[in-house]
Amino acid sequence: MGPRQRRIPDPPSCAPRVETDRLAATSSTGPAGPIEEVAITTGLKPASWSYAEQYVAEDEVLSAARGRASDLPAVPISPGGGATLRFAAAMLDAKNVVEIGTGCGISGVWLMRGMRDDGVLTSVDLEAEHQRLAKTAFMEAGFASQRVRLIPGAALEVVPRLTGGHYDMVFCDGDKQEYPQYLEQALRLLRTGGVVAFDNSLWHDRVADPSVRDADTTAIRETLRLVTEHESLLEVLLPVGDGLLLAQKR
């Protein structure tokens, strides 16, 4: 399908300006008198961001998995991002999910907690040690072994061999420079109505900074552009964790 005639906005040329003007206001009456609601014109304060991130608390299984992840270079998805994945998998009633980047199993646990009880997670990772630690997390979370299919290997060698049109959701958290290729594969793998998700879509505030042009940041920007311009995708970019991009195949 051809691209839509629409584009994502260019990164801002400077730091966001702090706005103080009230763009709109409505009022209602509460126990203490009138309550005025105004349009939000600035970003969340750090305290509010942290509150939202921790709103859905992680249990001992996920905390233990994070402890194991601290010794490895692969940074797991944030609690807020994980809760979003669980929510998306539940809304899709997902039975078949692909994960690119097993890590230590944190995102996999979140995904399977949202999937159907008979759902199967297919997770791909180049590092055997990651998948060994992920198995521990899945076992501690109480998932039967048949609910997880761990495939070692490079994503762009493994994923093209998976069955097209068979999956409800594809979660990408692998090599950032391969994100555009992951998107291409996700479109092939997903059923109509399925969702692709990309972690680190704001990439430590680098994506919004036009002066940053390293290979990882450029690839993420390109992925955002491709998603926005694709006529069969309905997208949203959420400021949870390090940025979570989700797009539904229409």
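The values are calculated or read from the model by the stated rules, or taken from the named source; none is laboratory data. Please read these numbers as outputs of a predicted model, since none were measured by experiment. Cβ placement follows ideal geometry from the backbone for every residue including glycine, while neighbour counts extend to all protein chains displayed.
What the table below lists for this structure:
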read-out	value
Tally of residues being over 23 Å from G164 (Cα atoms), buried (at least 22 other Cβ atoms within 10 Å of the Cβ) and not aliphatic (A, V, I, L, M) across region 85-129	4
Filtered residues of region 83-115 (kept if assigned to a helix (DSSP H, G or I), of a type in the set (K, R) and either closer than 15 Å to V240 by Cβ or touching a Gly at 6+ places or on another chain (Cβ under 6 Å) (or both))	R86
Residues that are out of contact with any Leu (no Cβ under 9 Å at 6 or more places or on another chain) and modelled with pLDDT under 95, drawn from region 100-131	A128
Residue within region 157-175 that is at pLDDT 95 or above, under 29 Å from A65 (Cα atoms) and hydroxyl-bearing (S, T, Y) present	yes
Qualifying residue in region 49-56 (condition: assigned to a loop (DSSP other than H, G, I, E, B), modelled with pLDDT under 90 and surrounded by 11 or more Cβ atoms within 10 Å (Cβ to Cβ))	no
Failed item in (1) at pLDDT below 95; (2) more than 20 Å from the chain's Cα centre (by Cα), with P73 passing the rest	(2)
Residue selected from region 97-124 under the condition of a type in the set (D, E, K, R) and touching a helix residue (DSSP H, G or I) at 6+ places or on another chain (Cβ under 7 Å), by the criterion nearest to A57 (Cα to Cα)	R113
Pairs with Cβ under 7 Å, 6+ apart, first in region 222-250 and hydroxyl-bearing (S, T, Y) and surrounded by fewer than 20 Cβ atoms within 10 Å (Cβ to Cβ), second modelled with pLDDT under 95 and not in a strand (DSSP E or B)	T228/R6; T228/R7; T228/I8; S232/M1
Only listed residue being within 21 Å of the chain's Cα centre (by Cα), exposed (fewer than 15 other Cβ atoms within 10 Å of the Cβ) and not charged (D, E, K, R), chosen from G165, G174	G165
Scope region 167-180; condition touching a Leu at 6+ places or on another chain (Cβ under 7 Å) and over 15 Å from R221 (Cβ atoms); matching residues	Y167, D168, M169, V170, F171
Among the candidates A128, A155, residue that is touching a residue at least 24 places away in the same chain (Cβ under 8 Å) and in contact with a Pro (Cβ under 6 Å, 6 or more places away or on another chain)	A128
Residue in region 155-170 that is closer than 28 Å to D118 by Cβ, out of contact with any Phe, Trp or Tyr (no Cβ under 7 Å at 6 or more places or on another chain) and polar (S, T, N, Q) present	yes
